[in-house]
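Here is the structure we will look at.
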Amino acid sequence: MTRSSHGYQWHEEYDGATVAFMIIGAAMVFFMVPSLGFIYSGLARRKSALALIWVVLMSTLVGMLQWYFWGYSLAFSKTAKNHKFIGDMNSFGLRNVYGKVNQSDAYPEIAYAGFQMMFMCVTLSIVSGATAERGRLLPHMVFLFIFATVVYCPICYWIWSPGGWAYQWGVLDWAGGFLEIVSAVAGFVYSIFLGRRREKLLINFRPHNVSMVTMGTGILWFGWLLFNSASSLSPNLRSAYAFFNTNISAVTGGMTWCLLDYRSEKKWSTVGLCSGIICGLVAATPSSGCITLYASLIQGIVAGVVCNFATKIKYYLNVDDSMDLLAEHGIAGVVGLIFNALFAADWVIGMDGTTEHRGGWLTHNYRQIYKQIAYIAAVMAYCAVVTAIICFVLDIIPFVKLRVSEEAEANGLDEDQIGEFAYDYVEVRRDYYEWGVDTDNMHGSDNNHDTDTETDDIITNSQQNNHLHKETDDKQTHHVSPTSDVTADTYIPTSSSSITSNDNINVNEKSVQPEETELTPQPPHDNTNSD
């Protein structure tokens, strides 16, 4: 850098392809954040659908702010080379984080800081799924800021900073198996402190939008390809190899989980397919730049089987891990790290032209197994203990209580925490004839008509619809009514028993008779049963 009469000029030269590769990689990792929001939102009930998108996106904002202040400095400080456990505050506010750290670097340090920032944002986004349907949003943001500082940054320093003990010990963790483990363990511990959702409010529970889950998984897979391959920090043979490893693991993981679900349900579950794909991707995160291609094929199968059965852990421990964070992220991350010990090859690790490592058992480095296991144990134990301390302290402070009230849970987080709704203008009724008579005629009727006229119109319309319904073979009708039109005089709610049984009723056997019609005014909303 030189200074002239007109200002400063930078004269460092970088490899353009490397810089572009890192920036695009960072953008693709960020693209994974909204995909997590779509997945969580689709898996929840519609009355809390928007809150989960909000909490995932806001967690990213909190993470970026923390990373700017001191997150990067604590994780990658240049002046903390022998601290072993955590960096220092020398780069607070990204001070002096500009160009090359070493003359041999092909990229500026600010590009690396931005790339690593997105990894932490994804971690916080995964953790935020623990708030599903019962967690207050503001206290969770406070929790995430503290968590990023005292949990994520130290562990990141252990493995990715040259001064970290795991880095110096030779632990293999390619693109961040630790971040999958810490997000899962933290989410599981957070769920313990939140407590279970109210059982009486879980009547007829099912994911409200599986299409959204599928779309989110597709976007997540797309971003994950650069999440793993760009961890080489340059476009080289190792990054291309990691790309292929990631795909193979995701493919076999998705197939395996889907087959296991078919074995028990005799249905090809879309949610199961998405869960298996995610498990394969998670397992590939620490291993895709270290193991062989055939090992990735085996890894996906193992991750699919192990993680599928690991979903039972939450039931044994009586923890409402609503998004299966422990099974799909934590256990899958452990599988990937163990596969590094078994199938890592020195010739795969050396594909970037700079890294030297003896690999794992495949290349006769038998000591790698205990290093990987010790690293896994250290990450899980440290994360669990510190997360529990943070949750305990926050939950005893009145204004940052972690959980909403029972009334707020019944109403849904969209109403209680957001004040906006994912489905504000339309309500879809699953079975038209289970809800009684058609009230569309009432919605459009003249207010000057008397009650008797309206009643006659409703009964006539119901009889016409019954006749039409009998002529339509095995065709389910959906009743869509604008919520703005539903009033106390027109809304006829259903009972919880009819909701839970409507999937098993043949609609051709159910009709509404005029004498059974009840027009007693009812409240406009029944939050307990509608979701």
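The values are calculated or read from the model by the stated rules, or taken from the named source; none is laboratory data. Everything quoted here is computed from the prediction, not taken from an experiment. Heads up, the Cβs are rebuilt from the backbone with ideal geometry, glycines too, and the neighbour counts pull from every protein chain shown. These area figures cover heavy atoms from the full protein model, side chains too; ligands, DNA and RNA do not enter into them. Shrake-Rupley method; radii C 1.70, N 1.55, O 1.52, S 1.80 Å.
Observations on the model:
- Conditions (1) open to solvent by less than 10 Å² (accessible area, probe 1.4 Å); (2) of a type in the set (A, V, I, L, M); (3) free of Cβ contacts under 8 Å to residues at least 60 places away in the same chain: number failed by L260: (1)
- Residues of the range 314-340 satisfying the condition of being surrounded by fewer than 24 Cβ atoms within 10 Å (Cβ to Cβ) and aromatic (F, W, Y): Y315, Y316
- Residues that are open to solvent by 10 Å² or more (accessible area, probe 1.4 Å) and closer than 26 Å to A378 by Cα, drawn from the range 129-142: M141, V142
- Test: residue in the range 39-59 that is open to solvent by less than 60 Å² (accessible area, probe 1.4 Å) and within 30 Å of W169 (Cβ to Cβ): no
- Of all residues in the range 222-254 being farther than 19 Å from P34 by Cβ and among the aromatic types (F, W, Y), the one that is surrounded by the fewest Cβ atoms within 10 Å (Cβ to Cβ): F244
- Failed criterion for G71 (all others in (1) over 30 Å from G135 (Cβ atoms); (2) open to solvent by less than 10 Å² (accessible area, probe 1.4 Å); (3) not β-branched (V, I, T) hold): (1)
- Being closer than 20 Å to A344 by Cα and within 18 Å of the chain's Cα centre (by Cα) is true of N228.
- Taking the numbered list (1) within 18 Å of the chain's Cα centre (by Cα); (2) within 20 Å of T246 (Cβ to Cβ) in turn, Y294 passes all entries but (1).
- The range 86-106: number of residues that are farther than 21 Å from C156 by Cα and in contact with a Phe, Trp or Tyr (Cβ under 7 Å, 6 or more places away or on another chain): 2
Results for (1) open to solvent by 30 Å² or more (accessible area, probe 1.4 Å); (2) in a helix (DSSP H, G or I); (3) in contact with a helix residue (DSSP H, G or I) (Cβ under 6 Å, 6 or more places away or on another chain); (4) within 30 Å of L413 (Cα to Cα), shown as yes or no for each residue.
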| site | (1), (2), (3), (4) |
| --- | --- |
| L144 | no, yes, yes, yes |
| T149 | no, yes, no, yes |
| I159 | no, yes, yes, no |
| V171 | no, no, yes, no |
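- Considering only residues in the range 77-129 that are of a type in the set (V, I, T) and over 27 Å from L61 (Cβ atoms), the one that is modelled with the lowest pLDDT turns out to be T79.
- Set I110, I126, I192: member being under 30 Å from A408 (Cα atoms) and open to solvent by 10 Å² or more (accessible area, probe 1.4 Å): I192
- Residues that are of a type in the set (K, R) and either surrounded by 14 or more Cβ atoms within 10 Å (Cβ to Cβ) or not in a loop (DSSP other than H, G, I, E, B) (or both), drawn from the range 89-107: K100
- Hits in the range 248-263 (condition: of a type in the set (S, T, N, Q) and touching a Ser or Thr at 6+ places or on another chain (Cβ under 6 Å)): S249
- Pair list, Cβ under 6 Å, 6 or more apart: the range 341-353 residue under 13 Å from R238 (Cβ atoms) and open to solvent by less than 10 Å² (accessible area, probe 1.4 Å), other residue aliphatic (A, V, I, L, M) and in a helix (DSSP H, G or I): A345/L362
- Taken across the range 213-221, residues that are open to solvent by less than 20 Å² (accessible area, probe 1.4 Å), of a type in the set (G, A, S), touching a residue at least 12 places away in the same chain (Cβ under 8 Å) and under 30 Å from G135 (Cβ atoms) do occur, with at least one present.
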